[in-house]
Amino acid sequence: MTDQLHEMILRVRETHGGETYMVTTHGCQMNEHDSEKIITLLEEMGYKKADREEDADLSVINTCSVRHSAEDKVIGHIGKLKHIKKKNKKLKVAVCGCMMQRKESRDALLETFDHVDMVFGTNNIYRLPQLILENDHKDATVVEIEDNYTNFDNRIYAGSASNSAYVNIIFGCNNFCTYCIVPYTRGREISRTSEDILEEIRGLVADGVKEVTLLGQNVNSYGKNLPEKTSFSALLRAVSEIEGIERIHFTTSHPKDMSDELIECFRDLPKLANYLHLPVQAGSNRVLRAMNRHYTREDYFTLVDKIRSVRPDIALSTDIMVGFPGETEEDFADTLDLVERVGFDNAFTFLYSRREGTKADRMEEQVPKSVKDERFQRLLNTVYTIQRKKYLDLVGSTQDVLFASRSKNDDSKMSGRTSGFKLVHVPYDEKYIGKIVPVRITGGNTFSLEGEILDEAK
Ligand code: 5AD
Ligand code: SF4
């Protein structure tokens, strides 16, 4: 953190210290991590978390624009805040995230709502103290956006409360899949230097972190723009050397960029989690081509075989979309077939959503909603049938579980994740929180497992 940022934080603390905040996050892990940084900054500025949004002095909405439904939710939320603000006049509203990176969405928001006080983008989170100070002296909305990530001097280490932490390694995306808005919101790929990343991880270890998730829209592109000669697999090997790090996850990988060197990491690095998220999007070669994905279904099968040959029991997860423009019943059958043949442990399923400015939005033959909905249900049934089997197959086995917190819906239990990222619940025992512990799996369903702790914490 630069001296200048530090000084800004202190200045906000003088005027706003003791006020309360609420941060609401829409979207992906990248946004979740950005929100962690925003919360870190707010707490350094002396803000405290509000119990209810109605009582907050500052409400920050971190937005997502990947699908229309995400944008609708954001608009609904901001609309609700207008009513809250009528009762609670001192409430300040800040809107940030992907939706604000797009000029069209930003302009529409500013035109529709006059109760938004601050707008900032994904690349200038570190400017929040400055924006709060500016807003104190201004009636109009304070707006600040940067197109690309350049803030290497002002990185904000969000830290971790649960012994598991996200670490950004690359920002932006150069792929331009024809359906996707991300290259228009998050900008072009920019990697952090490996020294910077390793320093952050060493700092996290000193705070007690045992598991890191390396984040990027396409982590496999890591290092391409850097002057140092490096690659994602080289970075993984370096992270794996850090004493104290016990488990390494990463997301997201593009199948076209899964190099042999990266697959070898699954062979050589025991700390690499037994889990790979590898979005396939569709099972039809015609649709994959129209999506600009640069691989075929056969390439995907070959990749899965290679990965399973070095890690036979790896858990595979994916993203799949139904209803891409021009998708026929035959194309969709190819998707179902691929899902069955690969046997994913977990799949995130999406209805294709038109995004203005993308190539797919201009394609003819948009699939009618009723057809999309019907295919979506069929896909979900297939995905869940396989997923349930994958979970139940683990009953009777022993899994290393990193326990994070009490279970959400049952206070008497705590929950954690296996190396294959499956959720496990066991009876609550505080001494195991933050530790990786062997657990015998005693039961399960499509979404989680039950178990009992076998041993003292490692
Ligand atoms: N419509 C539906 N799903 C989308 N995704 C990205 N863009 C769209 C869109 N326009 C999905 C992809 C991606 C995931 C993060 O969101 O499956 O992998
Ligand atoms: Fe979007 Fe494709 Fe980039 Fe993923 S790889 S962020 S789907 S453009």
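The values are calculated or read from the model by the stated rules, or taken from the named source; none is laboratory data. Fair warning: this is a prediction, and the values are worked out from it, not measured in the lab. Neighbour counts run over all protein chains shown; Cβ positions are idealised from the backbone, glycine included. To get the accessible areas, we keep the full protein, side chains included, count just its heavy atoms, and leave off ligands, DNA and RNA. Shrake-Rupley method; radii C 1.70, N 1.55, O 1.52, S 1.80 Å.
At a glance:
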quantity	calculated
The stretch 385-440: number of residues that are touching a Gly at 6+ places or on another chain (Cβ under 6 Å), β-branched (V, I, T) and assigned to a strand (DSSP E or B)	4
Single residue of T20, T40, T15 found to be in contact (Cβ under 8 Å) with a residue 40 or more places away in the chain and open to solvent by less than 60 Å² (accessible area, probe 1.4 Å)	T40
Residues of the stretch 177-230 classified as at positive phi and either among the polar types (S, T, N, Q) or open to solvent by 20 Å² or more (accessible area, probe 1.4 Å) (or both), total	1
Residue within the stretch 253-268 that is out of contact with any helix residue (DSSP H, G or I) (no Cβ under 9 Å at 6 or more places or on another chain) and under 24 Å from D345 (Cβ atoms) present	no
Considering residues of the stretch 268-288 that are part of a helix (DSSP H, G or I) and free of Cβ contacts under 8 Å to residues at least 40 places away in the same chain only, the residue surrounded by the most Cβ atoms within 10 Å (Cβ to Cβ)	L288
Sole residue being in the same structural domain as T251 (by the TED database), open to solvent by 10 Å² or more (accessible area, probe 1.4 Å), hydrophobic (A, V, I, L, M, F, W, C) and modelled with pLDDT of 95 or more, chosen from M321, M291	M321
Search result, residues across the stretch 354-368 that are within 8 Å of ligand 1 (Cβ to nearest atom) and over 16 Å from L288 (Cα atoms)	R354, R355
Residue ID - farthest from ligand 1 (Cβ to nearest atom), chosen from residues in the stretch 231-264 that are open to solvent by 40 Å² or more (accessible area, probe 1.4 Å) and among the basic types (K, R)	R237
Single residue of R388, R417 found to be of a type in the set (D, E, K, R), in the same structural domain as A273 (by the TED database) and away from ligand 1 (no atom under 16 Å from the Cβ)	R388
Selected residue [of a type in the set (A, V, I, L, M, F, W, C) and away from ligand 2 (no atom under 16 Å from the Cβ)] from A404, A347	A404
Residue satisfying all of: in the stretch 308-318; among the hydroxyl-bearing types (S, T, Y) and free of Cβ contacts under 8 Å to residues at least 60 places away in the same chain; most open to solvent (accessible area, probe 1.4 Å) among these	S309
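Here is a yes/no grid of residues against (1) within 16 Å of ligand 2 (Cβ to nearest atom); (2) surrounded by 17 or more Cβ atoms within 10 Å (Cβ to Cβ); (3) in contact (Cβ under 8 Å) with a residue 60 or more places away in the chain:
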| site | (1), (2), (3) |
| --- | --- |
| P325 | yes, yes, no |
| E330 | no, no, no |
| V371 | no, no, no |
| R375 | no, yes, no |
